[in-house]
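To keep things clear, I will list the structure first and then write my remarks on it.
The values are calculated or read from the model by the stated rules, or taken from the named source; none is laboratory data. What you see is a predicted model; the values in this text were computed from it and never measured. Glycine also receives a Cβ, built like all others from the backbone with ideal geometry; neighbour counts cover every protein chain displayed. To get the accessible areas, we keep the full protein, side chains included, count just its heavy atoms, and leave off ligands, DNA and RNA. Shrake-Rupley method; radii C 1.70, N 1.55, O 1.52, S 1.80 Å.
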Amino acid sequence: MAFNYEHESRTFNEYLLVPGYSSAECVTPNVSLKVPLVKHKCGENPPLSLNVPLVSAIMQSVSDDKMAIALAREGGISFIFVSQSIESQAAMVRRAKSYKAGFVRSSLNVRPDQTLGDILRLKDETGFTTVAVTEDGTAAGKFVGLVTRRDYRITRMSQDLPVSEFMTPIEDLICAWEGTTLSQCNDIIWDNKLHVLPITDHAGRLSSFVFRKDYDSHKENKLALFDTSKRYLVGAGVNTHDYAERIPALVEAGADVLCIDSSEGFSEWQQRVLSFVREKYGDTVKIGAGNVVCREGFRFLAESGADFVKVGIGGGAICITREAKGIGRGQATSLMEVAEARDEYLAKTGIYVPICSDGGIVHDYHITIALAMGADFCMQGRYFARFDESPTKRVNIGGSYMKEYWGEGTERARNWQRYEGGGGLTFEEGVDAYVPYAGSLRDNLAITLSKIRATMCNCGALTVADFHKNARLTRVSPSSIIEGGAHDVYLKDSGGPSRA
């Protein structure tokens, strides 16, 4: 008969942290969330680190070059999705690596012969109101004008009106040449009371925009994640099938770290990819692997050469692997067992292999629980899919704004190369869904990180490494879960009881 684990499979919801002694130094400004991203010898600095313990998932609906830039600016890293052509993925990596802070590439572009209706549809899909008008309607076309909310009145203009009749033409705009520094651009904006400054090259093609509203964020973020050339760190996903062609292209494009995107990592397929990287590049190319849910899986990937190991199967918000195939394990149980295996491997070899908790996170405090259980950092999809910076459309569903969110195991993603032989599946392991739109990554992430730092202070830890050692967890009963929320009162916003 099958081997039967003695203990139940448990989730983050079933645990709470027990506060520990906090000294006067345990205040949030003193908390460091810096964690290792890749393996390193005990006592040595890791080749790559994160300034915040969060990375975005290898998903079409989450991680493109825009997300990579936004998250690196805040101290984390994105793994640009692999379910696209090699050329397209490499181009995303190059764009992220060449990005200049403060210069925003135009994402909304129309031709002069398009209409006000087209402008309104773009505005409704994205929430943005500044639209570039170029001769060919592309971001790099010859710049001929600009449309902002000041240029039209919906109640007094036909939606069939051509853009050319109400746009602000280039001759009436103040622009700057490509090569103007960000400081000079900001001076132009303030001196001329502008809200946006278009940047063009000497052939008149649109290069980027600088926005007045972004002035404060243009100041250097102390947590921003840079390489030695002051370019943002960027990750990229790879699969177990075209890796021999994809990996060299991504390395050439400048990817700082790779990660195998697979439904299950305890396999010869992943071993082949890791062997290819080590034989071709030695230790110069960093690559993570996974996902696994047991100590044997961790050991296999660590011994095969993985620079970090992802933990979790079936716990993602859009993942139905457990329902479809009956495989997986509760994220808390998986993580604690793999963390033990990591520490055993460290004691045996002197090599620390970071682990990434992937899936099972619904609330912000689940991130802190995951860190306490031994995770070095957490990979999230649903969390980042909600933000302006994710690549999906913002849509109005029943009067509420949502963002589209689908799994890599769906027919929509068509990412069959992450499954078994890669030739296709007869069933799906993910769903196509929506998540509530939440605004900007920067604003939301700041709140999340504040919660993590505050909780660590309550537990007497100023670093994630100390948190691993000193955190104390307790199991919770169903009754204590109810007790932990608002209960036995009437909430003002709903007019009803907080609990049934």
Report summary line: HN-Hα couplings for region 237-252 via Karplus (6.51, -1.76, 1.60; θ = phi - 60°), in whole Hz with x for Gly/Pro, come out as x, 9, 10, 9, 10, 9, 4, 5, 9, 6, 4, x, 5, 6, 5, 5
Requested in this report: Enumerate by residue number the chymotrypsin sites (Phe, Trp or Tyr not before Pro) in region 225-257 meeting two conditions: DSSP loop (anything except H, G, I, E, B), and at most 15 other Cβ atoms within 10 Å of the site's Cβ.
Outcome: none
Query raised in the report: Over the chain, one equal point on each Cα, no solvent: what is log10 I(q)/I(0) by the Debye formula at q = 0.06 Å⁻¹?
Result: -0.31
Query raised in the report: Between Asn45 and Ser88, 0.36 nm times their residue separation minus their Cα-Cα distance comes to what?
Result: 12.1 nm
Query raised in the report: Using the C-alpha gyration tensor of region 157-232, what are the square roots of 5 times its eigenvalues, in whole angstrom, with the largest one first?
Result: 30, 15, 14
Report summary line: Dipole check, region 85-145, charges on Cβ (K,R +1; D,E -1), about Cα centroid: among Gly141, Ala96, Leu120 the Cα furthest to the positive pole belongs to Ala96
Query raised in the report: More than 15 Å apart: what percent of Cα pairs in region 29-100 qualify?
Result: 59
Query raised in the report: ³J(HN,Hα) across region 261-277 via Karplus (A = 6.51, B = -1.76, C = 1.60, θ = phi - 60°), whole Hz, x for Gly/Pro?
Result: 9, 8, 6, 7, x, 7, 8, 5, 4, 5, 4, 4, 5, 4, 5, 4, 5
Query raised in the report: Non-local amide H neighbours of Met379 (under 5 Å, H modeled in plane, Pro and chain starts lacking H): which ones?
Result: Val55, Ser357, Asp358, Gly359
Query raised in the report: Which of the cysteines found in the chain have nothing to pair with, since no other Cys Cβ lies under 4.7 Å from theirs?
Result: Cys42, Cys175, Cys185, Cys259, Cys294, Cys319, Cys356, Cys378, Cys459
Report summary line: For the chain, the dipole about the Cα centre with charges only on Cβ (Lys and Arg +1, Asp and Glu -1), to the nearest 20 debye, works out at 740
Report summary line: Scattering profile of region 190-302 from the Debye formula, Cα beads only, expressed as log10 I(q)/I(0) at q = 0.09, 0.17 Å⁻¹, is -0.44, -0.89
Query raised in the report: Heavy-atom accessible area of Phe276 with all protein chains present, probe 1.4 Å, nearest 10 Å²?
Result: 50
Report summary line: Which residues qualify? For Gly145, with a placed amide H closer than 5 Å and at least 5 residues away or on another chain, they are Val133, Ile170
Query raised in the report: Can you put Trp269, Trp177, Trp406 in order of accessible area, largest first, using a 1.4 Å probe?
Result: Trp177, Trp269, Trp406
Requested in this report: Please provide three numbers in whole Å: the alpha-carbon extents of region 277-380 along the principal axes, with the largest listed first.
Outcome: 38, 28, 22
**Report entry** Listed residues Thr284, Tyr5, Thr181: farthest to the positive end of the dipole of the chain (Cβ charges)
**Finding:** Thr181
Query raised in the report: Where does each of 280-288, 30-38 land if you order them by average Cβ count within 10 Å, highest first?
Result: 30-38, 280-288
Query raised in the report: Along region 41-57, what does the Karplus equation 6.51 cos²θ - 1.76 cosθ + 1.60 (θ = phi - 60°) give for ³J(HN,Hα), rounded to whole Hz, x for Gly and Pro?
Result: 6, 4, x, 9, 6, x, x, 9, 10, 10, 8, 9, x, 9, 10, 9, 6
Query - Which of His487, His202 is most accessible, then next, and so on - probe 1.4 Å - result: His202, His487
Query raised in the report: Using the C-alpha atoms of region 1-137, what convex hull volume per residue, in cubic angstrom, is computed?
Result: 304
Requested in this report: Quick one: angle between helix 295-304 and the longest Cα principal axis of the chain, in degrees between 0 and 90, rounded to 10, please.
Outcome: 60
Query raised in the report: Once both labels are modelled 7 Å past Cα along the beta-carbon direction, what's the Asp113-Ile481 spacing in nm?
Result: 6.0
Query raised in the report: For region 314-399, which trypsin sites (Lys or Arg not before Pro) are both in a DSSP coil and crowded by at most 14 other Cβ atoms within 10 Å?
Result: Lys393
Requested in this report: Report, to the nearest 10°, how far helix 65-74 tilts away from the longest principal axis of the Cα atoms in the chain, using its own Cα long axis and a range of 0 to 90°.
Outcome: 70
**Report entry** Simple spin-label estimate for Thr155 and Ser98 in nanometres, 7 Å along Cα-Cβ
**Finding:** 4.6
Query - Cubic angstrom per residue, convex hull over Cα atoms of region 76-139 - result: 140
**Report entry** Estimated FRET transfer efficiency when R0 is 25 angstrom, pair Lys280-Asn221 (beta carbons, to 0.05)
**Finding:** 0.10
